[in-house]
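Trainee: Can you read through this structure? Questions will come right after.
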Amino acid sequence: MNPEEQSNLEMNAAIKLFSSGKFQKALEVTQALSKNSPRDSLLHNIMGACYAGLGQLSSAVKSYEIAINLDPNYAKAFYNLGDTYLQLKNYEESIKCYEKSLEIDPYYVNALSNLGNVLRENDQLDNAIEAYEKALKIDPNSIIAHSGICIVLNEMGKLEHMIEHLHAVIKLKPDFSEAHNNLGNTLRELGRLGEAVDSYQKALEVNAEFSEVHNNLGNAFIELGYFGEAVESYQKALKINPDYPALHNNLGNAFKELGRFDDALKSYHNALSYNPDYPDSLNNLGIIFSKMGELEQSVQYYKRAISKAPDFEEAYVNLGNVLNELNHFDEAVHFYNKAIEINPNSEHTYNNLGLILLGKDDFLDKAVKSFEKAIQINPNFAAAYNNIAQAFRNLQKPEKAVESYKKAIEINPSLVVAYNNLGNILATDFNKLDEAALYFEKAIEINPNFAEAFSNLGNVMRELDRLDEALNFYERANNLQPNLDNILGNILRTKMEFCNWDNLKSLITDLKQKIINNEKVINPFVLLALIDNSALQLKVAELMTNVYHPKRNLLPVIENHPKSQKIKIGYFSAGFSEHLTAELYEMHNRDHFEIHAFSFGKATNDEMNLRIKAGVDQFHEVQAMTHQDITELARSFKIDIAVDLAGHTLESRTDIFAMSVAPIQLSYIGYLGSMGAEYYDYLIADPVMIPKESQKYYMEKIVYLPSFQVNDSKDLPPNIVMTRKDVGLPDKGFVFCCFNNTYKMTPTTFDSWARILKAVEDSVLIIFANNELSKANLTKEIKKRGVAAERLIFGDSVSRPEYLARFKVADLFLDTQPYNAGTTASDALKMGLPMLTIKGEAYQARMGASIVNALNLPELITTSSKEYESLAIELAKNPEKLNKIKEKLQNNLSTAPLFDTPLFTKNLESAYTQMYERYHKGLEPDHIFVE
């Protein structure tokens with residue numbers, strides 16, 4: 001063998017050694033050969049590759065440079081030198097080498113692909129794509145070029161364009177599991193989750209032991225809501241890679257979504273066993289303990305997460321949420337601000353901060369600013385528009401709220417909560433009921449399981465007097481979410497309004513149990529017509545107040561007002577158009593009292609409204625003002641005694657009293673029961689309505705007036721006469737009547753009425769029913785009780801003069817139980833019609849007795865249904881006894897306390913004076929007895 005053949009043989013041996021990864025042996029062979037062939041460029045190129053393979057990059061550079069000096073047109077040597085400079089991160093020299101290689105050989109595909117790689121590393125992304133595309137024009141099957149262009153497109157966020165290149169790679173190499181995985185990741189980023197799952201599963205068909213793919217598949221299942229499948233994927237990944245904390249953490253997340261909190265806790269702790277400082281699992285433990293109601297434990301884990309990762313924005317936000325739930329408001333805000341320091345451009349953090357500020361009336365302006373900042377960062381942040389709308393609504397800026405809700409919907413037509421909220425404000429603030437219904441219907445169309453929207457649609461239908469539809473929507477809401485606040489109460493209220501008594505007994509039994517269980521199941525006012533139980537009524541009032549109207553320490557404690565000759569009284573109501581209290585304001589002694597009215601209802605400017613405005617010293621229209629603004633206004637006038645005439649009724653403003661609008665606060669006549677709040681000092685009643693043994697059921701101290709109900713003595717009987725024919729009554733026969741609202745009628749009361757009608761031959765009962773459904777149901781119920789339908793007569797809704805005159809054609813008013821007649825009772829008595837009532841247990845169930853007693857007619861008060869029925873029958877059959885009662889009633893009208901407004905005012909002023917004196921002596925409120 002001649003020397004040249006020997007040299008070629010050794011060169012081939014060196015190349016084989018290099019190809020098999022034996023770089024050191026290959027290097028030794030080439031070094032030996034170079035002594036005999038120092039000018040062989042191929043030999044120096046191979047030596048450079050050996051040095052590169054051994055990580056001796058500087059030596060590799062020298063060898064490649066020698067090869068290039070020996071052969072300036074050696075494209076492969078320039079290519080290899082470019083690779084080495086790329087490893088040394090000397091991008092400029094690397095680019096020059098690849099470009100020189102391509103200058104020599106323009107069709108050098110690998111040089112083009114690697115030029116793309118170095119341009120990509122140097123952030124020259126557009127140039128990198130150009131290089132890859134040139135490579136693909138030469139060789140459309142270059143996996144390196146397709147893969148490289150995918151990496152650049154991913155960095156540029158052009159995910160759609162990546163897909164065609166990933167499919168090309170997979171077509172060229174179907175068993176390339178990494179490509180299937182990358183395609184899955186890309187599709188998942190694009191939200192094409194079903195296709196992503198398919199790609200991950202194909203990757204696993206190629207390589208079932210690919211742990212990362214199992215994990216990615218689990219993540220896709222989480223996003224699809226397939227949490228059980230996610231658990232299986234994560235568990236398969238953990239069998240392959242059991243000591244990977246992130247996998248245990250992800251498994252915990254899947255268990256968390258399934259509500260399997262114990263399994264989630266175990267998984268997070270497993271993650272921490274491999275990495276005790278793993279912040280994600282610490283944060284997730286905080287989330288689980290928060291969901292389990294163990295808030296203090298939650299706080300500790302969030303703080304640990306932050307200690308391990310001081311820039312962990314989400315943990316600061318979560319910690320803020322829990323601290324707010326623990327009523328550590330200032331600390332919560334502090335941690336939100338820390339999250340904002342970490343990421344000043346996080347719209348979600350500003351939004352979440354706005355949400356906790358939204359819960360505090362005195363921070364509403366700051367909440368608006370926080371939401372505005374979120375929107376500034378992301379003008380298409382629909383949720384922030386929804387939330388800022390709520391802030392505007394709380395600030396009594398309904399027009400701006402509507403505008404923001406509509407903007408939220410414009411940005412995200414699927415934002416179901418915005419449709420619901422917009423419907424609410426249109427219904428309650430603008431009375432646009434039909435338009436509101438359309439938004440609730442849209443919310444339900446988007447989410448057929450949206451219980452709250454069904455409930456709100458029920459509210460609208462009820463306001464539109466479409467009571468059967470309202471009941472249907474309430475029941476659908478209840479089926480979807482039985483623990484929805486007040487839903488059972490709404491069902492019962494609606495059924496009572498159109499006298500649908502099906503399942504009433506079992507519903508009330510369920511209601512009582514839920515109240516005992518501290519569930520927010522009914523509005524206190526609605527409960528009055530359903531049960532006669534002072535203890536349960538107090539419990540419901542406390543639940544309502546604690547949840548919706550807690551004590552608000554937003555303003556400084558009121559300093560003692562200096563004693564003045566005049567006590568300043570503030571009456572607060574939405575209904576300053578009612579006749580009942582009109583004369584009271586006029587009769588107040590202006591030498592000792594200054595009278596203010598704060599009206600948060602719509603100004604009607606009708607005759608009665610104008611009379612009331614003239615009857616007070618100052619009338620304040622405050623409907624458009626916030627709770628805090630009204631409170632500050634009243635405080636600026638130094639109101640001494642604030643009287644809540646609304647209580648737990650529609651359009652009340654309980655939060656005004658929760659902020660302490662005056663040093664002395666009391667409830668009167670609007671709501672017949674305890675307000676269930678510590679910030680009300682007194683409740684006005686009389687000894688009949690609240691006997692001493694019942695004081696324990698009232699949080700307020702009781703003001704005992706000789707009689708409870710104020711009246712307007714100027715509201716005189718009308719100068720019209722109505723006949724039996726006018727009212728639709730038969731020419732003869734005894735006439736019982738009851739013009740109470742239908743919701744006050746109960747099956748028990750109706751049982752009594754039926755027995756009375758059966759016992760009194762030819763008698764009829766005329767009642768008020770303001771809807772056709774109630775008429776149909778009551779007709780059905782009277783027939784069910786064995787009474788002919790024609791003996792039940794329905795009085796129409798008529799003008800007040802006709803309403804009063806109608807009482808004259810009746811013989812006896814039959815009161816309802818447990819919610820007695822109030823204004824209706826005094827109207828009937830004023831017209832000379834006796835009212836028979838039952839004295840029950842609770843405040844509203846003793847009102848009829850109080851009113852009758854204030855006319856000195858105790859003989860009309862019974863204590864049981866049996867006694868009530870017996871006396872009604874006796875009076876109907878004994879005209880002489882009934883006429884004596886009517887004569888006594890007529891004689892008492894001018895002398896008894898019920899219609900003596902000057903006397904009532906004097907007694908009330910005596911109570912006000914005693915309250916005032918106790919306050920200025922530094923004494924706590926106590927029961928007051930006015931003789």
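Trainee: Under the 0.36 nm per residue contour assumption, what length would be gained going from the current alpha-carbon distance of Asn546 and Glu294 to full extension?
Mentor: Stretched out fully, the Asn546 to Glu294 stretch lengthens by 88.6 nm.
Trainee: Turning to a different aspect of this structure: May I ask you to list the lysines whose Cα is less than 20 Å away from that of Lys173, ignoring any residue fewer than eight positions away on the same chain?
Mentor: Straight-line reach from Lys173, under 20 Å: Lys137, Lys202.
Trainee: Roughly how many nanometres apart are two label points built 7 Å out from the Cα toward the Cβ at Lys906 and Lys400?
Mentor: Between Lys906 and Lys400, the simple spin-label model gives 5.2 nm.
Trainee: Could you bin all the Cα-Cα distances of the range 635-769 into 5 Å bins starting at 0 and give me the percent of pairs in each, rounded to whole numbers?
Mentor: Each 5 Å bin holds this share of Cα pairs: 2, 8, 13, 13, 12, 13, 12, 10, 8, 6, 3, 1, 0.
Trainee: Here's something else I'd like to know. What does the range 839-931 give for Rg and for Dmax, in Å, if only its C-alpha atoms count?
Mentor: Final numbers for Rg and Dmax: 18.1, 59 Å.
Trainee: Could you tally the net charge around Asp751, taking each other residue with its Cβ under 13 Å from the Cβ of Asp751, Lys/Arg +1 and Asp/Glu -1?
Mentor: +4
Trainee: List, largest first, the extents of the alpha carbons of the range 567-704 along their principal axes, each in whole Å.
Mentor: Principal-axis extents of the Cα atoms in the range 567-704, largest first: 43, 31, 30 Å.
Trainee: If you build the Cα gyration tensor of the range 477-586 and take the root of 5 times each eigenvalue, what three semi-axes come out, in whole angstrom, biggest first?
Mentor: The three semi-axes for the range 477-586 are 36, 20, 12 Å.
Trainee: Any idea which of Tyr98, Tyr671, Phe794 is furthest toward the positive side of the dipole for the chain, if Lys and Arg beta-carbons carry +1 and Asp and Glu beta-carbons -1?
Mentor: Sorting the options by dipole projection puts first Phe794.
Trainee: On a full-extension model of 0.36 nm per residue, what is the gain between Asn472 and Lys921, subtracting their alpha-carbon distance, rounded to one decimal in nm?
Mentor: 156.0 nm
Trainee: What do you get for trypsin sites (Lys or Arg not before Pro) in the range 826-931 restricted to DSSP loop and a cutoff of at most 13 other Cβ within 10 Å of the site's Cβ?
Mentor: Those satisfying the criteria are Lys921.
Trainee: Relative to the present Cα-Cα distance, how much length would full extension add between Asn447 and Glu133 at 0.36 nm per residue of separation?
Mentor: The span from Asn447 to Glu133 would gain 108.4 nm if fully extended.
Trainee: Oh, and also: Charges only on Cβ, +1 for Lys and Arg, -1 for Asp and Glu: so what's the dipole of the range 724-899 about the Cα centre, in debye to the nearest 20?
Mentor: So the dipole magnitude of the range 724-899 works out to roughly 80 debye.
Trainee: Suppose we take every Cα in the range 3-242 and form the convex hull; what volume per residue is that in Å³?
Mentor: So the per-residue Cα hull volume is 146 Å³.
Trainee: What list of whole percents do you get for P(r) of the range 327-448, with Cα-Cα distances grouped in 10 Å bins up to the one holding the largest distance?
Mentor: The percentages, shortest bin first, are 15, 41, 31, 12, 1.
Trainee: Let me ask you something else. Need one number for the range 724-899: average projected area of the convex hull over its C-alpha atoms, nm².
Mentor: For the Cα atoms of the range 724-899, the hull's average projected area reads 9.2 nm².
Trainee: Could you sort out which of Lys539/Lys701; Lys373/Lys432; Lys400/Lys432 sit more than 20 Å apart by Cα distance in this structure?
Mentor: Lys373/Lys432
Trainee: Taking the Cα centroid of the range 819-895 and of the range 381-456, what is the distance between the two, rounded to the nearest whole Å?
Mentor: Each part reduced to its Cα centre gives a spacing of 49 Å.
Trainee: Can I get the semi-axes of the range 430-505's equivalent ellipsoid? Compute them from the C-alpha gyration tensor as square roots of 5 times the eigenvalues, in angstrom, largest first.
Mentor: Sorted largest first and rounded, they come to 20, 16, 9 Å.
Trainee: Sticking with this one: Can you tell me the 0 to 90 degree angle between the C-alpha axis of helix 109-121 and the longest principal axis of the chain, rounded to 10?
Mentor: 50 degrees
Trainee: Taking the Cα atoms of the range 271-335, report the difference between the largest and smallest coordinate on each principal axis, in whole Å and largest first.
Mentor: 35, 25, 13
Trainee: Taking loop as defined by DSSP and a crowding limit of 13 other beta carbons within 10 Å, which GluC sites (Glu not before Pro) in the range 545-585 fit?
Mentor: Filter output for the range 545-585: Glu559.
Trainee: OK, next. What residue among Pro858, Ser142, Leu217 has its Cα farthest toward the positive end of the dipole of the chain, where the charges are +1 on Lys, Arg and -1 on Asp, Glu, each on the Cβ?
Mentor: Pro858
Trainee: Let me ask something else. Which links in Lys407/Lys442; Lys397/Lys520; Lys442/Lys602; Lys758/Lys839; Lys830/Lys888; Lys732/Lys866 stretch past 19 Å when you go from one Cα to the other?
Mentor: Lys397/Lys520; Lys442/Lys602; Lys758/Lys839; Lys732/Lys866
Trainee: With N denoting the number of residues in the range 133-214, provide Rg(C-alpha) divided by 2.2 N^0.38 Å, to two decimal places.
Mentor: 1.06
Trainee: Exposed loop sites here are chymotrypsin sites (Phe, Trp or Tyr not before Pro) in DSSP loop states with at most 16 other C-beta atoms within 10 Å. What is the longest stretch of the chain lacking them?
Mentor: By the stated rule (loop sites, at most 16 other Cβ atoms within 10 Å), 108-429.
Trainee: Additional query: Which value in nm describes the separation of the simple spin-label points at Lys696 and Val798, placed 7 Å from the Cα toward the beta carbon?
Mentor: The modelled label-to-label distance comes out at 4.8 nm.
Trainee: Quick one: how many lysine pairs does the range 233-360 have with C-alpha atoms less than 24 Å apart and a gap of 8 or more or different chains? Give me the count, please.
Mentor: 18
Trainee: Ok, one more. Please compute the modelled spin-label separation between Leu54 and Asp591, points set 7 Å along Cα→Cβ, answer in nm with one decimal.
Mentor: If labels sit at Asp591 and Leu54, their model points lie 11.9 nm apart.
Trainee: Right, another one. Mean shadow of the range 825-887, computed from the convex hull of its alpha carbons, in nm²?
Mentor: Approximately 4.1 nm², given one-decimal rounding.
Trainee: Magnitude of the Cβ-charge dipole of the range 277-332, K/R +1 and D/E -1, about the Cα centre, nearest 20 debye?
Mentor: Its charge dipole is roughly 160 debye.
Trainee: Calculated from DSSP H runs of 4 or more alone, at -39500 (n - 2.57) each and per residue, what is the 222 nm mean residue ellipticity of the chain, nearest 500?
Mentor: Value at 222 nm, helices only: -18500 deg cm²/dmol.
Trainee: Still on this model: From the residues Leu633, Ala382, Asn420, which one has its Cα farthest along the dipole of the chain in the positive direction, the dipole being from +1 and -1 charges on Cβ of Lys/Arg and Asp/Glu about the Cα centre?
Mentor: Positive-most Cα among the choices belongs to Leu633.
Each reported figure results from applying straightforward, stated rules to the coordinates on display, with no laboratory input. Here the structure is a predicted model, which is why all the values come from computation and not from measurement. Cβ atoms come from the backbone with ideal geometry, glycine included; neighbour counts cover every protein chain shown.
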